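J.: Okay, handing you the structure first.
The values are calculated or read from the model by the stated rules, or taken from the named source; none is laboratory data. These figures come from a predicted structure and were not determined experimentally. Virtual Cβ from ideal backbone geometry, glycine too; neighbours counted across all protein chains shown. Note: areas computed on protein heavy atoms with side chains; ligands, DNA, RNA excluded. Shrake-Rupley method; radii C 1.70, N 1.55, O 1.52, S 1.80 Å.
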Amino acid sequence: MDVGKVETLVKEQQLKDQFENLEKHTQWGIDFVERYTKFVKERSEIELNYAKQIRNLSKKYQPKKSTREEEEGKYTWCRAFLASLNELNDYAGQHELIAENMTSQIIAELTRYIQDLKSERKTHFHDGRKAQQHIENSWKQLELSKRNFERACKEADRAQQYFEKMDADINVTKADVEKARQQAQLRHQMAADNKSEYSSNLQKFNQEQTEHYHTLIPNIFQKLQEMEERRIERVGESMKTFAEVDRQILPIVGKCLDGMTKAAESIEAKTDSAQVVESYKSGFEPPGDVEFEDYGQAMKRTVSENSLTKPEKPDKPGKGKSKLFFFKKNKLSLKLGANPEDFSHLPPEQRRKKLQAKIDDINKDIQKEMDQRDALTKMKDVYVKNPQMGDPSSVDPRLAEIAQHIDKLQTELQKFEGWLAEVEGRMPVRSEPTQRQSSVYDKQSNTPAANNNCAQDRESSPDGSYTEEQSSEVQSKVQTDTEFDDFDNEEEEMLPTIGTCKALYPFEGNNEGTLTLAEGEVLFVIEEDKGDGWTRVRRNEEEEGYIPTSYVEVFLDTDTKGLCMWR
């Protein structure tokens, strides 16, 4: 084996080794990017779980709805804690934002980049193997032409020697000598042809080898190097983004923490303690001095004008206890469950608050019943105009039941208002609306209901002093209010929109008061469904009407939803 061949083989082996090393390194780089992507994904899951736990914690310690308005809103420390819980909920939202940004800006981007990187790497190594295979095939072709030339030269030498031997032998015929001479010439010609082919293949191989080692392979290595540099830069950018995602939420987190601090600083101990005093003060005057009783004279107790006790008969010792002890006895009976309905067992101030709270609850119940009555009345009107949709008489039993319930609640309301007036040192004047009555209760425009109220006033009057004149005065006032209310309704401005709705199915609004719907049409909602199955909508400034609630999907505005519920 010649030196050139050995050198070529050594170079080919070194090149194969280099390709194997590069394959291992680039594959290790791709594995690193995949591992880093997995790391960011796990960090994102940690942020989501942390945010979920924080939200659950904030929700767990939120005050219950039944006690939030009564107790939690009274004291500054309760309001501060509620504000801190709300800030904590916003704080959890920032960690959810971290997870979301990491998923969109790092995980998704690196996942796509890994696929592109694998495809590019595969293309470069495919080109390298193809170039290496081509140079190996060219080398084999050169070796083959070289062996053919060598064999042809040896055969030409043997044919020449045979011809010379036959030419020197005198016993051989001239024809045999000529044949040997022609054979020698043929072998020499074949050797010359093989020599030319070998020379051509050698020249071609040298050119291809030069291009292979100086152009093709360096270009492939350069592309692999650039690919690796881009991969490294991409990893660095992802790590920078990893930190920036956290840094972006720091201002909002700082505001959340500032809100917690501000809430804590808003706590006022003196205000809260004054609120406690206001809530639980009894209203009693402190007792006066106890005077000296001279047993040397007839039994006679004198009591100061400010004392809580009253003079008792001396022949009944059991009656000589002060009302203070009687009050304690009532407290004992409270624990045993014998509470009087008028809260007379409580001190005056506390009794007044309890009666006021009871009146407010009754007014809320009246409001709910009246809302149901309005909804059923609207449904009945729709049934009257559209008999195919339902029987109007089917609503009457429920309306009668609601009317009875409203009358009962109003009777109970008057009873508690009478007790409240007693506590405040005055009787309620029925000819003028009481300040504690709800606006809905003041604006009742049903004349029969007003007459019923007047009758109930006569029956439930604490001293029976109400007269027919007062009842008629109330009735005339209710009728006057009804006329003004009707006038106001006529002059009522266009209702504001409280949301939108999208038609799920077509609807032919052939009846009066209804609108025709096209599937997919979007309309403005101006009044929610009150329980009768119809929603009031507006198409434009001139077209308003009712549509079936089940035919549309309603989207209410969050800031007006609470308002439209009490419209």
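J.: Heavy atoms only, 1.4 Å probe, whole protein assembly: order 81, 19 by accessible area, highest first. Let's see the in-between values first.
T.: Working: 81 100, 19 15 Å².
So, going from the largest accessible area down, we get 81, 19.
J.: Here's something else I'd like to know. Probe 1.4 Å, all protein chains in place: accessible area of residue 239 in Å², nearest 10?
T.: 90 Å²
J.: Please turn the phi angles of the stretch 181-188 into ³J(HN,Hα) values with the Karplus equation 6.51 cos²θ - 1.76 cosθ + 1.60 (θ = phi - 60°), one per residue in order, whole Hz, x for glycine and proline.
T.: Going residue by residue, I get 5, 4, 5, 5, 5, 4, 5, 5 Hz, with x marking Gly and Pro.
J.: Whole percent per 5 Å bin, from 0 to the bin with the longest distance: what is P(r) over all C-alpha pairs of the stretch 48-130?
T.: Percent of Cα pairs in each bin: 3, 13, 13, 12, 10, 8, 7, 6, 6, 5, 4, 4, 3, 2, 2, 1, 0.
J.: Next question. For the stretch 393-408, in order, what is each residue's ³J(HN,Hα) by Karplus, 6.51 cos²θ - 1.76 cosθ + 1.60 with θ = phi - 60°, in whole Hz (x at glycine and Pro)?
T.: 5, 5, 8, 4, x, 5, 5, 5, 5, 5, 4, 4, 5, 5, 4, 5
J.: Another question about this same structure. Please give the length that would be gained between residue 374 and residue 244 if that part of the chain were fully extended, namely 0.36 nm times their separation in residues minus their C-alpha to C-alpha distance (nm, one decimal). Please report the intermediate quantities before stating the final value.
T.: Numbers: separation 130, 0.36 × 130 = 46.80 nm, distance 5.71 nm.
My answer for the length gained is 41.1 nm.
J.: Can you give me the long-range amide H partners of residue 526? Hydrogens built in the peptide plane at 1.01 Å from N, cutoff under 5 Å, separation of 5 or more residues or another chain.
T.: For residue 526, whose amide H was placed from the backbone, the distant partners under 5 Å are 498, 536, 537, 538.
J.: Between residue 389 and residue 273, what is the label-to-label distance in nm when each label sits 7 Å out along the Cα-to-Cβ direction?
T.: Label at residue 389, label at residue 273, 6.3 nm between them.
J.: Something else about it: When the solvent-accessible surface of protein heavy atoms is calculated with a 1.4 angstrom probe, in what order do 35, 538, 151 fall, highest first?
T.: Working: 35 160, 538 20, 151 125 Å².
Of 35, 538, 151, the descending order of accessible area is 35, 151, 538.
J.: Okay, next question. Under a 5 Å amide H to amide H cut-off, with H placed in plane at 1.01 Å, what residues pair with residue 62 once short-range neighbours are removed?
T.: So residue 62 has HN proximity to no qualifying residue.
J.: What ranking of 190, 494, 227 comes out by heavy-atom accessible area, probe 1.4 Å, highest first? Write down the numbers at each step before the final one.
T.: On the way: 190 80, 494 105, 227 0 Å².
Greatest to least solvent exposure: 494, 190, 227.
J.: Could you work out how far apart the two model spin labels at residue 255 and residue 143 are, taking each label as a point 7 Å from the Cα in the direction of the beta carbon, and quote it in nm?
T.: Distance between label points: 7.6 nm.
J.: Could I ask something else about it? Starting from the Cα of residue 39, step 7 Å toward the Cβ, then list every residue of the stretch 99-129 with an amide N under 17 Å from that point.
T.: Under 17 Å, as judged by backbone N against the label point of residue 39, lie 102-103, 106-111, 114 of the stretch 99-129.
J.: Using 1/(1 + (r/R0)^6) with R0 = 35 angstrom and r between the beta carbons of residue 344 and residue 293, what's the FRET efficiency to the nearest 0.05? Spell out each step's value before the answer.
T.: Values: r = 32 Å, r/R0 = 0.90.
Given R0 = 35 Å and the Cβ-Cβ separation, E is 0.65.
J.: Okay, moving on. What's the tally of Lys pairs in the stretch 350-417 whose alpha-carbon atoms lie under 18 angstrom apart, where the two lysines are 8 or more places apart or on different chains?
T.: Final tally of qualifying lysine pairs is 11.
J.: When the scattering of the stretch 136-245 is computed by the Debye formula from its Cα atoms alone, each counted once and equally, what is log10 I(q)/I(0) at q = 0.11, 0.12, 0.15 Å⁻¹?
T.: Result of the Debye calculation: -0.61, -0.66, -0.79.
J.: What FRET efficiency do you get for residue 210 and residue 52 if R0 is 56 Å and r is their Cβ-Cβ distance, rounded to the nearest 0.05?
T.: Details: r = 66 Å, r/R0 = 1.17.
E(calc), rounded to 0.05, equals 0.30.
J.: Computed over the Cα atoms, what is the radius of gyration of the stretch 56-213 divided by 2.2 N^0.38 Å, N being its residue count?
T.: Numbers: Rg = 45.9 Å, N = 158, 2.2 N^0.38 = 15.1 Å.
For the stretch 56-213, the normalised Cα radius of gyration is 3.05.
J.: Could you give the length gained on full extension between residue 542 and residue 133, defined as 0.36 nm per residue of separation minus the Cα-Cα distance, in nm?
T.: Full extension from residue 542 to residue 133 adds 139.0 nm.
J.: What distance in nm separates the simple spin-label points at residue 150 and residue 175, each placed 7 Å from Cα in the Cβ direction?
T.: 4.0 nm
J.: Next question. Would you pull out the residues with amide H under 5 Å of residue 552's amide H, same chain only if 5 or more places away, H placed 1.01 Å from N?
T.: 504
J.: Here's something else I'd like to know. Would you mind calculating the gained length between residue 17 and residue 404 on full extension (0.36 nm times residue separation, minus the Cα-Cα distance), in nm to one decimal? Please list the in-between numbers first.
T.: On the way: separation 387, 0.36 × 387 = 139.32 nm, distance 9.88 nm.
Length gained between residue 17 and residue 404: 129.4 nm.
J.: Moving on to the next point. Any idea what the alpha-carbon Rg over 2.2 N^0.38 Å comes to for the stretch 104-193?
T.: Numbers: Rg = 30.2 Å, N = 90, 2.2 N^0.38 = 12.2 Å.
Scaled against compact globular proteins, the figure is 2.48.
J.: Follow-up question, since we're still on this one. Could you list, in their original order, any pairs among 255/502; 74/255; 118/140; 64/262 whose Cα atoms are separated by more than 31 Å? Mind dumping the intermediate values first?
T.: On the way: 255/502 39 Å; 74/255 26 Å; 118/140 33 Å; 64/262 24 Å.
Violating the 31 Å Cα-Cα cut-off are 255/502; 118/140.
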